[in-house]
Structures are given as C-alpha cells and as structure tokens.
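A quick write-up on the structure given underneath.
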Amino acid sequence: MRSDFVRAMSGLQVECYAGYRADERPLRFILRGRPYRVEQIEDRWYSPGAIYFRVRAEDGNDYVLRHDEQQDVWTLAAFRAAQRGAA
C-alpha cells in the first residue's frame, strides 16, 4: 500500500492510493495551491487512454478529475459547486 504524487502542468496535483494498480483512486488533490481531501468517489468511468473520477471534496463541491494514463497527467475536467442552503 503506497501513494504517489502526480504533478500536472495545469496546476493540479493528485495524490492517489496505489493498490493493485498505480493511481487506483485519488485521495487528495491540490488545485491552484489549495489542498482538498477527497471525501467520496461518486463515480468513475473509462475512456480510451483516460480514467475519470467524479469526487466530492471536503469543501462539499464536486470535481471531475481526469487521469491521462499514457502521459500520466491529471487535469480538472469539470467542477460543480455545492448548493448552499438548498431545502
């Protein structure tokens, strides 16, 4: 059981759990200098050459993190702010 930092030029760094495969799932990420802990992985899906993770971070917002496996680069594919005060 180990984790590695993968640094991308997009200003996104992702620390992953590496179990039976490298970068199995994100644990934490740093976006524009601010650290976020992944509270929950909401979904994951695969496309040719990339894996996407929709995660809920400790700030309550949803982020879609894309890992390009060939280039070993992480990017932020999407963001959705939490709905504050929703009934």
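Any read-out appearing in this document is the output of simple, stated calculations on the displayed coordinates, not a laboratory observation. The shown structure was predicted, so the numbers you read here are calculated from the model rather than taken from an experiment. Backbone-built Cβ (ideal geometry, glycine too); neighbour counts: all protein chains shown.
Can you list, largest first and rounded to whole Å, the semi-axes you get for the chain by taking the square root of 5 times each eigenvalue of its Cα gyration tensor? Please report the intermediate quantities before stating the final value.
Working: eigenvalues 92, 36, 34 Å².
The three semi-axes for the chain are 21, 13, 13 Å.
Residues with beta-carbon under 10 Å from that of Ile41, excluding Ile41: net charge, scoring Lys, Arg +1 and Asp, Glu -1? Mind showing how you got there, number by number?
On the way: positive: Arg25, Arg44, Arg54, Arg56; negative: Glu39, Glu42, Asp43.
Local charge sum for Ile41: +1.
Could you line up Tyr63, Tyr17, Tyr46 from fewest to most neighbouring Cβ atoms inside 10 Å?
On the way: Tyr63 22, Tyr17 16, Tyr46 9.
Ascending number of Cβ neighbours within 10 Å: Tyr46, Tyr17, Tyr63.
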Ordered by residue, what ³J(HN,Hα) values in Hz, to whole numbers, does the stretch 30-45 give under the Karplus form 6.51 cos²θ - 1.76 cosθ + 1.60, where θ = phi - 60° and Gly and Pro are x?
10, 10, 6, x, 9, x, 9, 9, 6, 7, 7, 8, 7, 6, 8, 8
Treating only the Cβ atoms of Lys and Arg (+1) and Asp and Glu (-1) as charged, compute the dipole magnitude of the chain about its Cα centre; round to the nearest 20 debye.
240 debye
Within 10 Å of each residue's Cβ, count the other Cβ atoms and sort Val14, Val73 from fewest upward.
Val73, Val14
Out of Pro48, Pro26, Pro35, any idea which swings most in a Gaussian network model of the chain, alpha carbons joined below 10 Å?
Pro48
Distance between modelled label sites at Asp72 and Tyr20, nm, 7 Å Cα→Cβ extension
2.3 nm
